[in-house]
Each structure stands twice: as structure tokens, then as C-alpha cells.
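In what follows, a structure is listed as C-alpha cells, so that the remarks can point back to it.
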């Protein structure tokens, strides 16, 4: 091929390339929309600030899309199957989840300050009266540790009672049918049992910080979408302050979103945790530190073989998300 023909070929190719570039530049530009953060929770008032944040538009204000899903007993199965990016559950649940699904704990939502309790038959007037009796809890979970703390407070060793597997939502019926002498449960089941003549022996007000509800995300989500998670956390802090300042209005919005009666929504026995509270919880040296109570759970779960190895708490508990 002559020098002229080679040069002419390059001119033609350059022209075709320029036309292609112009054509591409004239096509309408579409930006891919990020998928929302998918978060599951159950019907516990401590998680309702997320609902209020959605209703008030705080997630949108912070620039994050969030999809909330209220789930029952399939919440862990669905999470492990990849249906959700994050969950709202207890600190104890976070530690057992991390055993098989690496996660990052990004926020502490609330402390149970009386909303969990051990409810007993009316003749059980003191913890010491439980000696030789059957007491119920979700074995291998935080309820079993809660019962252990109660026994220690009453001066009873663990082997002074018989631990029985029990669903907290069924405790009022199990007590009524005399299947158990005492069991761990939470509101509204405490109120139901007391209305049936049962007695509260011990509450989470006696174990501050032990039953803390947290938000956690899968490790890869926390790694790949940190700005969105940080925006989610800030919106939740906004909602907590809003609800505390406008409780009646907040109740109405939450009730409407969840299809509940506003009178059914109560924060009695629950302390919502603000951003200032979270700075304390994520401080390893603070008395109410998540690290301290996570270690209590770790020791317990190892003892009852609910987990095989201790988690790296410095990796599991991530304070980077609570700052704006």
C-alpha cells in the first residue's frame, strides 16, 4: 500500500471515529440509581425511629434511599440469604450473627431499661423461691444470659434451676398453663402476664446496658457504601430527637405507617440512644461501652457453645459511622 493510500485510510478511520464519538455524545445520558439500603426489623419500639425517619423524610434529606421491612421469625434466614443489607437486633444477636456472616455494628438504637423481665407465678415472691423450679428463655440467646444475671443477683447458682426452651411471646400462656414457674419475656407480653396475676421478679433496669439494640450491616456493605450508612445513621439520630420532642405526633405517624393504634406504642422501659449516647457506647473506656457488654456476651456464648470462636470486637464494633 502506498504512503498516500495509508494516509487516506487513517483519514477515513479518524472520520468514522469522530462521527461515532459525536453520536455517543448526543445520546441521552442516564445515571444509574443506587439500590436502597435494605434493612429489616421486628415490632420493637426501640426500632421505630427508623420508621419515623422514613415518614419525616429524614433519609431523603440526608441523601440516602432506605427500604424498611418488618419481619418476624425469618429475619436471620432472610439476612443470610442476601435479602437484606442490615438488621436491627440485639447486641447478643449481632455477636452470634457475626459467627457465620461478618458484619459491622454501626449504631446503638436503644437500651432496655425495664422492657425485658423475668415474670413468675404469683407464689414466687423472690428470686430465691425459684430454687428447684423450671424457668424459660430462648436458650443460647441473650434471654439465657439475662436469666443467669438474675440468678446471680438472687444468690442462686445456675444449677439451682432447670433451664427450659421458651418463646418469649408465648410466656403468658405457658405460665397460665403452669408449664413454667418463671420465664424471660418483654413488652407487651409482660403486661399480659401481669394482668393474668403473674409477678415480675427481675427487669432489665437491673442490668443496664446488657440488652442494647443495635444496627448492623454486612461487612461488604459497610465497606462499599459507607457514606450511605453514615447518612442513614444521621437520619435516625434526627428521628430520635424528633420523637423525644414531639412524642404524640411521632406516635401518630409511626402508628399510621405500621397499621397500629397510637396507644399501642410506648417507650416505657426503653431508652432511645442519641448521638451523644452513641459516642459513649462506642468508647471502649466508657462504663456503658458496647465493647464491655459485647465481651460479656462473647464469654457466655463461648461457654454455651453458641459460637466457636471469639469475634474481633475492634472490627465488629465500628465507631466511624456515628459521626456526620
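The values are calculated or read from the model by the stated rules, or taken from the named source; none is laboratory data. Computed from a predicted structure; not experimentally measured. Cβ atoms come from the backbone with ideal geometry, glycine included; neighbour counts cover every protein chain shown.
One table, with the values for the structure above:
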{"read-out": "Residues of the range 61-99 that turn out to be farther than 27 Å from residue 289 by Cβ and in a helix (DSSP H, G or I), as a count", "value": "4"}
{"read-out": "Residue check, residue 205 under 20 Å from the mean Cα position of the chain (by Cα) and either within 29 Å of residue 85 (Cβ to Cβ) or not in a strand (DSSP E or B) (or both)", "value": "yes"}
{"read-out": "Pick from the range 109-131, criterion assigned to a loop (DSSP other than H, G, I, E, B) and under 17 Å from residue 177 (Cα atoms), ranking: farthest from the chain's Cα centre (by Cα)", "value": "123"}
{"read-out": "Neighbours by Cβ (under 6 Å, 6+ apart or cross-chain): first from the range 152-177, in contact (Cβ under 8 Å) with a residue 40 or more places away in the chain; second part of a strand (DSSP E or B) and surrounded by 13 or more Cβ atoms within 10 Å (Cβ to Cβ)", "value": "171/183; 171/185"}
{"read-out": "Residues of the range 263-311 classified as under 16 Å from residue 96 (Cβ atoms), surrounded by fewer than 16 Cβ atoms within 10 Å (Cβ to Cβ) and in contact with a helix residue (DSSP H, G or I) (Cβ under 9 Å, 6 or more places away or on another chain), total", "value": "5"}
{"read-out": "Criterion: more than 25 Å from residue 116 (Cα to Cα) and either touching a helix residue (DSSP H, G or I) at 6+ places or on another chain (Cβ under 8 Å) or surrounded by fewer than 17 Cβ atoms within 10 Å (Cβ to Cβ) (or both) - qualifying residue of 222, 205, 193", "value": "222"}
{"read-out": "Search result, residues across the range 210-219 that are crowded, with 22+ Cβ neighbours inside 10 Å and in a loop (DSSP other than H, G, I, E, B)", "value": "211"}
{"read-out": "Every pair of residues 6+ apart whose Cβ atoms lie under 7 Å, when the first sits in the range 38-50 and is assigned by TED's automatic domain parsing to the domain that holds residue 70 and over 18 Å from residue 242 (Cα atoms) while the second is at pLDDT below 95 and assigned to a strand (DSSP E or B)", "value": "41/70; 42/70; 43/70"}
{"read-out": "Unmet criterion (only one of (1) in contact with a strand residue (DSSP E or B) (Cβ under 6 Å, 6 or more places away or on another chain); (2) within 26 Å of residue 289 (Cβ to Cβ); (3) modelled with pLDDT under 95) for residue 190", "value": "(2)"}
{"read-out": "Selection within the range 314-324 - part of a helix (DSSP H, G or I), in contact with a helix residue (DSSP H, G or I) (Cβ under 6 Å, 6 or more places away or on another chain) and under 15 Å from residue 98 (Cα atoms)", "value": "316"}
{"read-out": "Positions within the range 99-135 being more than 14 Å from residue 150 (Cα to Cα) and buried (at least 22 other Cβ atoms within 10 Å of the Cβ), in sequence order", "value": "103, 104, 105, 106, 107, 108, 109, 110, 111, 112, 115"}
{"read-out": "Yes/no for residue 58 being within 26 Å of residue 294 (Cα to Cα) and in the same structural domain as residue 305 (by TED's automatic domain parsing)", "value": "no"}
